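So the structure is just underneath, and the comments pick up after that.
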Amino acid sequence: MGAAGRKTIALLFDRLSSEYAAHLRRSIERAASQKGVSVLSVVGQLLGDVDASAVTQNQIYELVSPACVDGVVVVSATMGHYCGQEGLLALCRGYAPLPVCSVGVAIPGIPSLVIDNHMGMRTGVEHLMTEHACSRIAFIGGQKESIESNHRLAGYLAAHEQLGISADPRLVRHGDFTVKTGILAMRDLLKSGVPFDAVVAANDDMALGALDVLSDAGISVPRDVIVLGFDDINSAHFTRPSLSTLRQPMWWLGERAVDLILDQIAGRNVPELQAGPVDLVRRESCGCGYQVGVTLHPQQKDLGSVRDVIALYREPLTEAMRAAVAVPKDTLGNWPSQLLDALDQEFSGSEGRFSEAFEEILERAQREGASLDEFQRVVSVLRSEFRRFRLEKKDEDRYMDRVWHNARVLVGAASIRLLGRQKLEQQEVSQWLSWVGERLATSLSLSLLREQLVGSLAKLQIERCAVSLYTAPASKELKLLVACTESGQLAVAQDKFDHHQMAPRALFEGERPRHFVVMPISFETEMLGVGVFESGTMPTVYETLRQQVGSAVKGAILHREMVAQVTIRERLEKERIAGEARLAAEIQTSVQPAVLDVAELDLAAWSEPAAEAGGDYYDVLPAREGAWLAIGDVTGHGLASGLVMLMIQSMIAGLARQDCQLTPSAVVSAVGDALWDNVRRRLKRDDHATLTVLKYHKNGRFTFAGAHEDIIVWRKNTGKCEVVSTTGFWVGAVPSVRRMTQDAEIILELGDTLVLHTDGITEARNARQEQFSEERLVAIIESKGGLASHLIRDAITETVRGWTASVDDDMTLLVVTYVGG
Amino acid sequence: MDMLSIDEVNVESFQIKAAAEGERLNLRLSGTGDMVAVAHLKRCLEQARASLKSRIFTQLLVDIRALYLLNSSCIKTMVHFIYLNLEEGPGVPIEFVVDEKVTWQPRALAALKRLAPKHVTITSKAG
């Protein structure tokens, strides 16, 4: 039992979209349905195709096993173009112990259904030679390795031999059974200049390509060159001129293939080889026009009426009509007999009855996928046969012509309606495919892709489907991405399963046999998963969908990997920044003065780097006559700011120690010049710094220069603070700050306190985003004025820490009280 | 970008509105001038400079009264703008409008005036 709990047959194809494949699939699905059997059409690429992408897709054939099917039909006719009989045999043997049958190529030891390619082609070529007097017939074959093509070539050569006409090897070309290669071969034949009067192709697609080239070259078919195809695909009816061809018995192949598998399952003996007949279909491209059925009587015969003819010749007329239309016997019921009954009633006085019955049969034929065009042949058969009788009722002749005319109009109208509807359907499907493609292409996660697939497949009239992805490269386990039935998304208990199962079993279950298309979900050389879609819509939908889903899955996987990469990089970047911040903080704290010891001054300092440390800087450098004090803040954060701060610290320390005659403005200006050069020109950065340098001259006197935050001075005698603005400009922001930098002076009285700070303190924000502000800083200093410097410092730091929830910027504080000698 | 060729900024924490008033380009900054604002301010000032260089406007007014904060990186951006205006043109007058009741505003911008005393003015107005 297959996955559905009923008999299931796998049908192996190399592609869905050729008319041959579509027709064969339809006939096998139809025959299977009638016998209560499900079909899984497993679609890969040509066996033995060395293209890496094809090799990947062909892994799908390896999934066919007793886990999901009861028998295997291999469409050898097309799959074996590259690998030949040996490759096909290996494939078939690989499915043992499953019953296998080959369609199109006879494989030793494997029950095979073939058509008589040799005899078919020989008949066709002989027809061109005997009835159209052709003697220089070109042959366009398939791949040189193709068994079918070689059989047809042998038939072509045998016809030449039979009729004593020598075949010119210069007139043989090879394509790959596609329209494109038919075009190329025809162009090559014309270019060679070797004369020919007919072209026979090994299939219709290549013949259609040849027709196009001949038409473009102004060569009339069939007047100048006759063209004959092989297969009788749908398009052969509609080309201008319509294509004469050799018809494959597709319905016979479908029915027999299903029977062969079921017989083997039942343990019945089956013949190793069965050959189906090939019919010559004469259309316009060979000059025959429509073939007109059998001939009941070579000579005219006298009879009373139409009704007499029907009564006497019902059976041969029925057979002649049936032969004109290529549908299985039971597909449309006993339609020829119904039509003859209607004709009988028409001539018994029920005017319009024949048209009514004919229209009803055309509708049924359309539903069954038969070619409506062939019913023109039915009219031709009837017209031709009835003309062979001289009727006593002379008026019936004219009436009969009206009946045939009406019937032809009906066929024409039905064909046009059908073509219109097919065109509309194709347009609609094409629009939906484009819509689906856009949505799938933008699904950058597998969960989004799942959602899009659920919505998309309904639009494409695919009710049941499952898309599963491999859990890892080279894994044999699939994990379900999405499964849908007509009732909505399918919930499954086990979303992981062996890949031979192809899809959750529930997908295949149901009261009636269901047919599915099974395709590899791949991207280039990567096998990503398996898609199982219910059969029923146009073949191009499945092939396009397969590519769209493959690309979308790959895109989603790549996106997931990219996100993971980005996450890793972000983490590394964060770690790098954190590392830099730690290093910057170390730089900041390591260059801070270890001891604050200056005569006459009581000093206390505090500096707290933020998480992403900036470049706060303060220094106290005792000198022979007093000391140097400095405070600054480098813009920006991180290691670079820390390094700029280190530059400033080094320069000031060096300058202060070298020359005791230097003024603060000279120091700031020198630092400004050097910083512009170092930072802007060498480091190519745009950092700058606020910087105030103070020189303590003893006896409470300070001179200072450089732009930083205000200097707050608490006066003991008033108990209030004075706010002294710093002037000048930021170092490193402009090439030189000399013009803007001037010295100013502050004199502290005994017990007065001077407070230097960075903006991290005044701009510290609370939960309501309010800044701590200089006013609050002043208020604390005034409330603690007169206390020792470290107590003032502690009061400030405690209040600021209580104010702000998180430290966003470095905070630095230097409290200096003049205590005298 | 509107007809002023300046993108208005309207992110969660920071906004810039641009308006023309005769030959003067007015930029009104509001919100929080923190690290998030830096890139927006930089782009806006670059666009403003392009407009000023093309002589669409001959004056610039930057109103910061509705700002809660202007951090050093934002100020650095303004410094760069003023420096380029001065050194590479067009050398237009720039007026900063600050809130007379918000003490940090004139203080934060004082250095800008020192950078270009002939070109930068700071005007205190009611918020």
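The values are calculated or read from the model by the stated rules, or taken from the named source; none is laboratory data. Keep in mind it's a predicted model, so treat the numbers as computed, not measured. Methodologically, a virtual Cβ is constructed for each residue, glycine included, from the backbone with ideal geometry; neighbour enumeration extends over all protein chains shown. When the accessible area is computed, the model is the full protein with side chains, heavy atoms only, and any ligands, DNA or RNA have been set aside. Shrake-Rupley method; radii C 1.70, N 1.55, O 1.52, S 1.80 Å.
Taking 45 Å as R0, compute the FRET efficiency from the Cβ-Cβ separation of residue A:96 and residue A:566 and round it to 0.05. Write out the running numbers ahead of the final one.
Working: r = 50 Å, r/R0 = 1.11.
Step by step, r from the Cβ atoms, then E = 0.35.
Under 5 Å between amide hydrogens, built in the peptide plane, is the criterion, and for residue B:56 it picks out nothing among residues at least 5 positions away or on other chains.
From the largest down, the stretch B:9-125 spans 31, 28, 25 angstrom on the principal axes of its Cα atoms.
Can you tell me the dipole magnitude for the stretch B:9-125 around its Cα centre, using point charges on the Cβ only (Lys, Arg +1; Asp, Glu -1), in Debye to the nearest 20? Display every interim value, and only then the final one.
Working: 16 positive and 11 negative charges, 32 e Å.
Roughly 160 debye for the stretch B:9-125.
If the Kirkwood radius is taken over C-alpha pairs of the protein assembly as shown, then at 4 °C and 1.567 mPa s the Stokes-Einstein diffusion coefficient equals 36 µm²/s. The mean count of C-beta atoms from other chains within 10 Å of the C-beta of residues in A:753-763, rounded to a whole number, is 2. When A:196, A:230 are compared by accessible surface with a 1.4 Å probe, the order from highest to lowest is A:196, A:230.
In vacuo Debye scattering of the stretch A:36-144, one point per C-alpha: log10 I(q)/I(0) at q = 0.09, 0.12, 0.16, 0.23 Å⁻¹? With no solvent term, the Cα-only Debye profile gives -0.33, -0.53, -0.80, -1.29. Ranked by the mean number of other Cβ atoms within 10 Å of their residues, highest first, the peptides B:94-100, A:510-516 fall in the order B:94-100, A:510-516.
Across chain A, C-alpha contacts under 8 Å between residues 6 or more apart give a mean separation that, scaled by the residue count, equals a relative contact order of 9 percent.
Taking other residues whose beta carbon is less than 10 angstrom from the beta carbon of residue A:533, and scoring Lys, Arg as +1 and Asp, Glu as -1, yields 0. Full extension of the chain between residue A:498 and residue A:444 yields a length gain of 16.8 nm, computed as 0.36 nm times the residue separation minus the alpha carbon distance.
What average number of partner chain Cβ atoms lie no more than 10 Å from the Cβ of the residues making up A:723-730?
Mean number of neighbouring Cβ atoms from other chains: 4.
Calculated [222 nm] ellipticity per residue, helices only, for chain A: -14000 deg cm²/dmol; basis is -39500 (n - 2.57) per DSSP H run with n ≥ 4, divided by all residues, nearest 500. Separation of the alpha carbons by more than 21 angstrom is noted, of B:42/B:113; A:7/A:476; B:17/B:42; A:684/B:42; A:35/A:476, for A:7/A:476; A:35/A:476.
Considering Cα pairs under 8 angstrom that are at least six residues apart, work out the relative contact order of the stretch A:72-131 and quote it in whole percent. Could you put the intermediate results ahead of the total?
Details: 59 pairs, mean separation 18.0, N = 60.
Normalised by residue count, the contact order of the stretch A:72-131 is 30 percent.
Here residue A:722 sits with roughly 80 square angstrom of accessible surface, probe radius 1.4 Å. Amide H to amide H, with H built 1.01 Å from N, residue A:42 comes under 5 Å of A:11, A:12, A:13, A:518, counting only residues 5 or more places away or on other chains.
Of all aspartates and glutamates in the structure, those lying under 18 Å Cα to Cα from residue A:695, and not within fewer than 8 positions of it along the same chain, are A:597, A:600, A:602, A:619, A:625, A:659, A:709, A:710, A:743, A:745, A:749, A:752. For the stretch A:1-87, relative contact order (Cα pairs under 8 Å, six or more residues apart, normalised by length) works out to 42 percent.
Given their separation in residues at 0.36 nm each and the Cα-Cα distance between them, residue A:578 and residue A:311 gain 85.9 nm when the chain is fully extended. Size descriptors for the stretch A:312-411: radius of gyration and Dmax over Cα atoms are 12.9, 40 Å.
Each 10 Å bin from 0 upward holds the following percent of the Cα-Cα pairs of the stretch A:428-513: 17, 43, 33, 7.
3J(HN,Hα) couplings calculated from phi for the stretch B:25-30 with the Karplus curve 6.51 cos²θ - 1.76 cosθ + 1.60 (θ = phi - 60°) are, in sequence order, 9, 9, 10, 10, 9, 9 Hz; Gly and Pro show x.
Measuring nothing but protein heavy atoms, the accessible surface of the stretch B:9-125 at 1.4 Å probe radius is 52 percent carbon and sulfur.
Note that the stretch B:35-45 has calculated 3J(HN,Hα) couplings of 5, 5, 7, 4, 5, 5, 5, 4, 5, 4, 5 Hz, one per residue in order, obtained from phi through the Karplus relation 6.51 cos²θ - 1.76 cosθ + 1.60 (θ = phi - 60°); glycine and proline are x.
Close amide H pairs (under 5 Å, H built 1.01 Å from N) link residue A:7 with A:2, A:38, residues at least 5 positions away or on another chain. Annotation for residue A:223 and residue A:319: the two label points, set 7 Å from Cα along the Cα-Cβ direction, are 4.0 nm apart. Of the residues A:190, B:27, A:270, the one whose Cα sits farthest towards the positive end of the charge dipole of the protein assembly as shown is A:190 (charges of +1 on Lys and Arg Cβ, -1 on Asp and Glu Cβ, taken about the Cα centre). Peptides A:10-22, A:763-775, A:567-579 ranked from most to least packed by the mean count of surrounding Cβ atoms within 10 Å: A:10-22, A:763-775, A:567-579. How many Å² of accessible surface get buried when B and A come together, counting both sides, probe radius 1.4 Å, rounded to the nearest 100? Accessible area lost upon association: around 1800 Å². 3J(HN,Hα) couplings calculated from phi for the stretch A:689-699 with the Karplus curve 6.51 cos²θ - 1.76 cosθ + 1.60 (θ = phi - 60°) are, in sequence order, 9, 7, 7, 10, 10, 10, 10, 8, 9, 5, 6 Hz; Gly and Pro show x. Just add up the charged neighbours of residue A:159: K/R +1, D/E -1, any other residue whose Cβ is under 12 Å from the Cβ of residue A:159. Here the count lands on 0.
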